[in-house]
Amino acid sequence: MKTLALLTLLLTTAAAPLQPQGIDPRLAGRQVLDAEMLRAAGVRRLGDALALIEGWALTTVDGFTWGLSPEGLSSFGQPSWNLMIDGQPVDLDLFGVRGMDRLPVPLERVDSLVIMGTPGLRQGVFGEAGTIHVHTRRPRDGLSLRARGATANETGDPGPFGFTDLATPNIDRISSEVSAVMGLGGRRAYVDLSAGWREHFVTDPLVRERNTDISLDFPLIEQTAFSFTGGLESATGHHNLFAAHSTTHDFFYLKQLGREVPAESPLTHLGIDGTEWLSRETALRYRLSYSSSALQERANSLDIDFDWDIARWTANIEAIRRLDTREMSIGAAYRNSSASTAYQLSGDGFDLVDLYARLGYQFGRAMQQELAVSLTGGAGAAGLKGALTHQWRVAAQHDVVAAISYVERLPEEDGRIWYWHRRGYDFLTDNGIGVTLNGEESETRTMAGHVRWAGRLREALSARVGIYLRSHSDLALEEQPFQFDSTSRSFSGPVRLLAQQGGWLAGSDVGAVWQASPRLQVFGYYRYQDALGGDASYKDVWRTVPRHSFQLKAWYTPWPSVSLWGMLDYRSSAYWSDYAAADVQSEGTYRANLSDALTLNLAAQKWFWERRLRINLKLHNILDDAVPYHPMGTAYGLSFIVQGELQLAGLGGAF
């Protein structure tokens, strides 16, 4: 099977995320959200930026931790997309939950977010379902200081006097945050220090009821974060250090448990990486990193304690060779994961070894290809991952892009709770959740392909049209018919893990960018996706992702110091089969079927004091169409968000 898949990759024309000359990068399958766009859109933290990514569906329970489904490559419950910061992979996984806002990087440190929506090998890491790469900005020469504060409030609920003659709309605080960054830059070296604090309130009365029922203190999410970045450039290369720590007083939502649980969730990351050029054509790249994530006890009325701490080590070494018409790299990586818990595990960790290679080459001036292959070895098993990419310039400023990939994912690479449950982590059964495991754990397989045309129709208008197919097999999918508990306002039910599940889905998308004037940009995007075949459990999984998605964004800068931003976002209805009984049992309070939603956001921004001071005012959900992303999730109505940022640079002290 692996040999056949590799031959298929080698013989099939496929797509590259290489940027065509003169075409907007997003039309070539690569999205870039730079710092100016993030500021103009009123983004407060990394989690907010996810709503700007085209083609990636969202879900959330609390409005703080977001789940992603990137164009049918992975579902909400089985995330396999990667997160990187300045070339270092950061593993946020806690039982399949990847909360980007646990990453201790304040927004003022972010230079850009680069989103690759196709599988491929990127800086020694194979992105099975795409990659989000956070690039931080290097401080200017000398000493610089940056500080930012933001507050968000929701309006429109009846308020404490809703049923009296004094009835007026109430204002509920959603969140507040402050952060500061100090940088010291020089010609060959720099350091950056940051610290931040934020709090997040869930104003939805249903979520607040659940959290109040289990919490022994005021139900809010609170976080402190610190980070350090250092860089050194030599005559032949560069070397970087990134260290960060955050502690989140969380209400952690574990789907199998059917509710949120108060927990302390610390995250620590320490990594070094660098590239050293041995000649004009040859370089060595290295990386060593350590990360630790935990779910620790936080007092609650049910005495639930996850008692979970997982540490991960990774090491990479890679050789790179660049010539006029081709670029080659070959490397090896070692990954170790070890768990710490009072539960008696049959194995408290595992080791994985990756061997990978990448070859990019160009045929004349009209054709480029890239092949990436990675082989992962675990405990007596191996998984093959590969992607072949192709780009053909059919005419001036018109490209055809196609892609195919094949991914085998080992059980150790599945971040959900099930790998550890099989090895003795009995958290679910200890908390009254019946578990039935049907079949043995095995590798999962995904084949994916897409074809896309991208081109410039006029000097100011670019467009793209694409179709994609995904085939998933040997999946382990959950079936959990929840029952509603009116006392705790939460859900519970036995879960059955079904092995050897699969199916296939298809989708299409259309995108356009119109540079209406030097000061006005308009972006449009539409996606349709649906599961067309497979097991009933597979179809149920993909019914949670809206079939239709549409975005219209406009960015207007009438003056260099003033910008206006608007985004109209539509998502169609979704159905969560595990909550099928919720409608009747909760008397309509909770629903398995989520209706479609139309959201309009507007933001206005002004710079003062020669671009040292920035004020941004954002109105979120002006249409007040408050539809949750999840049957148990919060739904925010009309909200306003105010943030200010102060930047002081060139204060002296360069090195």
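The values are calculated or read from the model by the stated rules, or taken from the named source; none is laboratory data. Here the structure is a predicted model, which is why all the values come from computation and not from measurement. All Cβ positions, even for glycine, are placed from backbone atoms using ideal geometry, and neighbour counts span all protein chains on display. These area figures cover heavy atoms from the full protein model, side chains too; ligands, DNA and RNA do not enter into them. Shrake-Rupley method; radii C 1.70, N 1.55, O 1.52, S 1.80 Å.
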Listed residue (Trp504, Pro546, Leu520) projecting farthest to the positive dipole end of region 503-565, Cβ model: Leu520
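Where the only charges are on Cβ atoms (+1 Lys, Arg; -1 Asp, Glu), what is the dipole of the chain about its Cα centre, to the nearest 20 debye?
That gives the chain a dipole magnitude of about 2820 debye.
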Need one number: the % of Cα-Cα pairs in region 480-638 sitting beyond the 19 Å mark. 68 percent
Evaluate Rg over Rh across the chain, taking Cα atoms for both radii and Kirkwood's formula for Rh. 0.94
Under Karplus coefficients 6.51, -1.76 and 1.60, residue-wise ³J(HN,Hα) of region 96-102 in Hz, glycine/proline x: x, 9, 10, x, 5, 6, 6
So if I take the centroid of the Cα atoms in region 624-643 and the same for region 488-534, what is the distance between those two points in Å? 19 Å
At q = 0.17, 0.19 Å⁻¹, the log10 of I(q)/I(0) for region 194-291 from a Debye sum over equal Cα scatterers comes to -0.82, -0.92
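Once you have a ≥ b ≥ c as the square roots of the Cα gyration tensor eigenvalues for region 439-524, tell me rounded if a/c is under 1.5, and otherwise prolate or oblate according to whether a/b is larger than b/c.
Here region 439-524 falls in the oblate category.
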Its Cα gyration tensor gives region 273-332 an equivalent ellipsoid whose semi-axes in whole Å, largest first, are 45, 10, 8
So if I take the centroid of the Cα atoms in region 377-432 and the same for region 245-272, what is the distance between those two points in Å? 23 Å
Accessible surface of Trp56 - all protein chains present, 1.4 Å probe, nearest 10 Å²: 10 Å²
Averaged per residue, what accessible surface does region 469-534 expose to a 1.4 Å probe, in Å²? 42 Å²
When the charge dipole of the chain is computed with +1 on Lys and Arg Cβ and -1 on Asp and Glu Cβ about the Cα centre, the Cα farthest towards its positive end, among Ser537, Leu232, Leu355, belongs to Leu232
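By average Cβ neighbour count within 10 Å, what is the ranking of 286-293, 124-131, 408-415 from highest down?
Averaged packing, sorted descending, gives the order 124-131, 408-415, 286-293.
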Expressed as a whole percent, how much of the Cα-Cα distance distribution for region 48-162 exceeds 24 Å? 36 percent
How large is ³J(HN,Hα) for each residue in region 512-519, as worked out from phi by the Karplus curve 6.51 cos²θ - 1.76 cosθ + 1.60 (θ = phi - 60°), to whole Hz, x for Gly and Pro? 8, 10, 10, 8, 4, 7, x, 10
Ignoring ligands, DNA and RNA, what accessible area per residue does region 295-409 give at 1.4 Å, in Å²? 47 Å²
For region 93-146, I need the span (max minus min coordinate) of the C-alpha atoms along each principal axis, in Å, sorted largest to smallest. 40, 24, 16
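Give me Rg/Rg_expected for region 37-100, where Rg uses Cα atoms only and Rg_expected = 2.2 N^0.38 Å with N residues. Mind dumping the intermediate values first?
Details: Rg = 12.0 Å, N = 64, 2.2 N^0.38 = 10.7 Å.
Compared with the compact-globule rule of thumb, region 37-100 sits at 1.12.
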Kindly provide the helix-only [θ] at 222 nm of the chain, computed as the sum of -39,500 (n - 2.57) over DSSP H runs of four or more divided by all residues, to the nearest 500 deg cm²/dmol? -2000 deg cm²/dmol
Specify the inter-centroid distance of region 186-243 and region 38-113, based on alpha-carbon positions, in whole Å. 13 Å
Net charge near Ala499 (other residues with Cβ under 15 Å of its Cβ; Lys, Arg +1; Asp, Glu -1) is -3
Once neighbouring chains are kept in place and the probe is 1.4 Å, which whole percent of the accessible area of the chain is contributed by carbon and sulfur? 59 percent
Heavy atoms only, probe 1.4 angstrom, no DNA, RNA or ligands counted: give me Asp348, Asp399 ranked by accessible area, highest first. Asp348, Asp399
